[in-house]
Amino acid sequence: MRRSSIQRATKETKIALTLDLEGEGESRVETGLPFLDHMLGSFAKHGGFALQVEAEGDLEVDAHHLVEDVGIVLGAALKEAVGDGAGITRFADASIPMDEALATVALDVGGRGYLVFTGSFNTPAVGRIDTTLFEHFFYSLCIQAGVTAHVRFYGRNDHHIAEAIYKGFGVALRKAVAQDGRQGVPSTKGTL
């Protein structure tokens, strides 16, 4: 079963997250940051995943700890749901336009966490989230999940840019974790 439920509690955040790779794009996300809820909902919808997130954090400080920890927990859930990786496609990419913005995401669900995040936002924040935190979210997710991701983007509207990135990550991830009918782990090493 390609499903995982993870809970994480620290002095800064409390998160309960369930990810089902065999979902149909349904989500219920409550983080206290409506823009993050919207981005995670877009990720799930276009990835075709079932995603439930209940998160609270020290938003009176700022959004950093909550955004980072949601990325960590989503990455841990993804790693657990993929398991040993037997039968997955492993490599995939997607280019997602959103009006004037374009995001291209290429993934390797191969067990090694790495992120290349190329592009720039135009304002310091969108939806009460410092725009530097979007890179940090995906870094935290990738390191925890063992996913290598290359994300390239441009645009004028930061909402469009962020949404294209989250949608692109979801679409590419759906393709990368899809069962492609091959037996065994897609690696010359025999393991991810």
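The values are calculated or read from the model by the stated rules, or taken from the named source; none is laboratory data. Just so you know, these numbers come straight off a predicted model, no measurement behind them. Here the Cβ is made from the backbone with ideal geometry for all residues, glycine too, and neighbour counts use every protein chain on show.
Report, by residue number, each residue of the range 2-17 that is crowded, with 19+ Cβ neighbours inside 10 Å and under 16 Å from the mean Cα position of the chain (by Cα). Steps first, please.
The first filter runs over the range 2-17 and keeps only residues crowded, with 19+ Cβ neighbours inside 10 Å, leaving 4, 6, 13, 15, 17.
Scanning the range 2-17 gives S4, I6, I15, L17.
Consider the range 123-166. How many of its residues are out of contact with any Pro (no Cβ under 7 Å at 6 or more places or on another chain), in a loop (DSSP other than H, G, I, E, B) and not basic (K, R)?
Result for the range 123-166: 6.
Among (1) among the hydrophobic types (A, V, I, L, M, F, W, C); (2) closer than 21 Å to K175 by Cα; (3) at pLDDT below 95, which single condition is V61 missing?
Exception for V61: condition (2).
For the list (1) in contact (Cβ under 8 Å) with a residue 60 or more places away in the chain; (2) within 24 Å of R182 (Cα to Cα); (3) assigned to a loop (DSSP other than H, G, I, E, B), I need the number of the one condition that R112 fails.
If we test R112 against (1) in contact (Cβ under 8 Å) with a residue 60 or more places away in the chain; (2) within 24 Å of R182 (Cα to Cα); (3) assigned to a loop (DSSP other than H, G, I, E, B), just (1) comes out false.
Looking at the range 77-86 only, could you name the residues that are surrounded by fewer than 19 Cβ atoms within 10 Å (Cβ to Cβ) and at pLDDT 95 or above? Outline the logic, then answer.
Filtering the range 77-86 for residues surrounded by fewer than 19 Cβ atoms within 10 Å (Cβ to Cβ) gives 80, 83-84, 86.
Listed by number, the list holds a single entry, E80.
Which numbered condition trips up A44, out of (1) without any contact (Cβ under 8 Å) to a residue 24 or more places away in the chain; (2) closer than 24 Å to H150 by Cβ?
(1)
I'd like the full set of residues that are in contact (Cβ under 8 Å) with a residue 24 or more places away in the chain and either touching a Leu at 6+ places or on another chain (Cβ under 6 Å) or of a type in the set (D, E) (or both), limited to the range 130-146. Steps first, please.
Quick first cut of the range 130-146, residues in contact (Cβ under 8 Å) with a residue 24 or more places away in the chain only: 130-131, 133-134, 136-146.
If the condition is that a residue be in contact (Cβ under 8 Å) with a residue 24 or more places away in the chain and either touching a Leu at 6+ places or on another chain (Cβ under 6 Å) or of a type in the set (D, E) (or both), then D130, F138, Y139, L141, C142, A145 are the ones that fit.
Of the numbered conditions (1) assigned to a strand (DSSP E or B); (2) over 14 Å from the mean Cα position of the chain (by Cα), A94 satisfies every one except a single condition; which is it?
(2) is the only condition that A94 fails.
In a loop (DSSP other than H, G, I, E, B) and not aliphatic (A, V, I, L, M): is that true of G41 in this structure? It would help to see each step written out before you state the result.
Numbers: in a loop (DSSP other than H, G, I, E, B): no; not aliphatic (A, V, I, L, M): yes.
Answer is no for this residue.
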